[in-house]
1. Kindly list the number of the only condition in (1) within 14 Å of another protein chain (Cβ to nearest Cβ); (2) loosely packed, with under 15 Cβ neighbours inside 10 Å; (3) free of Cβ contacts under 8 Å to residues at least 40 places away in the same chain that fails for B:Gln44.
2. Only residues that are surrounded by fewer than 23 Cβ atoms within 10 Å (Cβ to Cβ) and within 17 Å of A:Thr24 (Cα to Cα): list them for the range A:70-86, please.
3. Within the group B:Arg63, B:Arg67, B:Arg55, which residue is in contact with a Phe, Trp or Tyr (Cβ under 8 Å, 6 or more places away or on another chain), of a type in the set (D, E, K, R) and at pLDDT 95 or above?
4. Among residues belonging to the range A:29-48 that are open to solvent by 60 Å² or more (accessible area, probe 1.4 Å) and touching a strand residue (DSSP E or B) at 6+ places or on another chain (Cβ under 8 Å), point out the one that is farthest from B:Arg111 (Cα to Cα).
5. Looking for whichever is away from chain B (no Cβ under 14 Å) and under 10 Å from the mean Cα position of the chain (by Cα) here; the options are A:Leu46, A:Leu33, A:Leu75. Which one fits?
6. Which residue is surrounded by the most Cβ atoms within 10 Å (Cβ to Cβ), if the candidates are limited to the range A:49-69 and must be of a type in the set (Gly, Ala, Ser) and touching a strand residue (DSSP E or B) at 6+ places or on another chain (Cβ under 7 Å)?
7. Name the strands (runs of 3 or more DSSP E) wholly within the range A:14-113 that hold at least 3 residues that are of a type outside the set (Asp, Glu) and in contact (Cβ under 8 Å) with a residue 12 or more places away in the chain?
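The values are calculated or read from the model by the stated rules, or taken from the named source; none is laboratory data. These figures come from a predicted structure and were not determined experimentally. So basically every Cβ, Gly included, is an ideal-geometry build from the backbone, and we count neighbours across all protein chains shown. For the accessible areas, the whole protein counts, side chains as well, though only heavy atoms, and no ligand, DNA or RNA atoms are used. Shrake-Rupley method; radii C 1.70, N 1.55, O 1.52, S 1.80 Å.
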Amino acid sequence: GNSVTQMEGPVTLSEEAFLTINCTYTATGYPSLFWYVQYPGEGLQLLLKATKADDKGSNKGFEATYRKETTSFHLEKGSVQVSDSAVYFCALRGVQGAQKLVFGQGTRLTINP
Amino acid sequence: DAGVTQSPTHLIKTRGQHVTLRCSPISGHKSVSWYQQVLGQGPQFIFQYYEKEERGRGNFPDRFSARQFPNYSSELNVNALLLGDSALYLCASSLGTPKGNTEAFFGQGTRLTVV
């Protein structure tokens, strides 16, 4: 079945550092790929998405590129801020119907001033 | 516009009891999905409903059931609660199509604690 693997956390960085959170997936065909963010005490918010190979999703300075050859969708940001502290989830939606999202285990990011 | 609303926000139940969680989707959205998020893990898909019909079911026991009403709101029911059912239950709504490929918007969740 479909699955998503994220780099283990937690990740702690200083403000203005470069961020990479690795995400790889296993799926048949060409799934849609997502990054969601969860702030403390809140639900999930869609951060960015890509629906086909080589697409780049971007939002709020975050970027991720859909790499079919490496089955990856790594999240990057050039300069993180304290307000980026949250839990980040990589997810995929398979090609066959339904709205089912398959999530990775999440990566907790803490940014220190 | 109101987002996805879930009620209650927090709930404490005793083992063996029954619980009902409620979700109101964004106006105009016809699809509702339910997820269970155990502490420290990613959400796990439980059910999806579109136009009041079940369109997908995850790997959960029959103690879990759900339904969608004519106004597209939804209930998740869990019978015979176990300690392991303690989790954040998330509802997501989307415009929905038979193919299911529309963006999902999540509510803030219901925190269920089973003691």
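1. Here B:Gln44 meets the rest and fails (2).
2. Answer for the range A:70-86, where residues must be surrounded by fewer than 23 Cβ atoms within 10 Å (Cβ to Cβ) and within 17 Å of A:Thr24 (Cα to Cα): A:Thr70, A:Thr71, A:Ser72, A:His74, A:Glu76.
3. B:Arg67 is the lone residue from the list that is in contact with a Phe, Trp or Tyr (Cβ under 8 Å, 6 or more places away or on another chain), of a type in the set (D, E, K, R) and at pLDDT 95 or above.
4. Of everything passing the filter in the range A:29-48, A:Gln45 is farthest from B:Arg111 (Cα to Cα).
5. A:Leu75
6. By that ranking, first place goes to A:Ala64.
7. Per the criteria, A:19-21, A:23-26, A:32-38, A:44-50, A:62-65, A:86-93, A:101-103, A:107-112.
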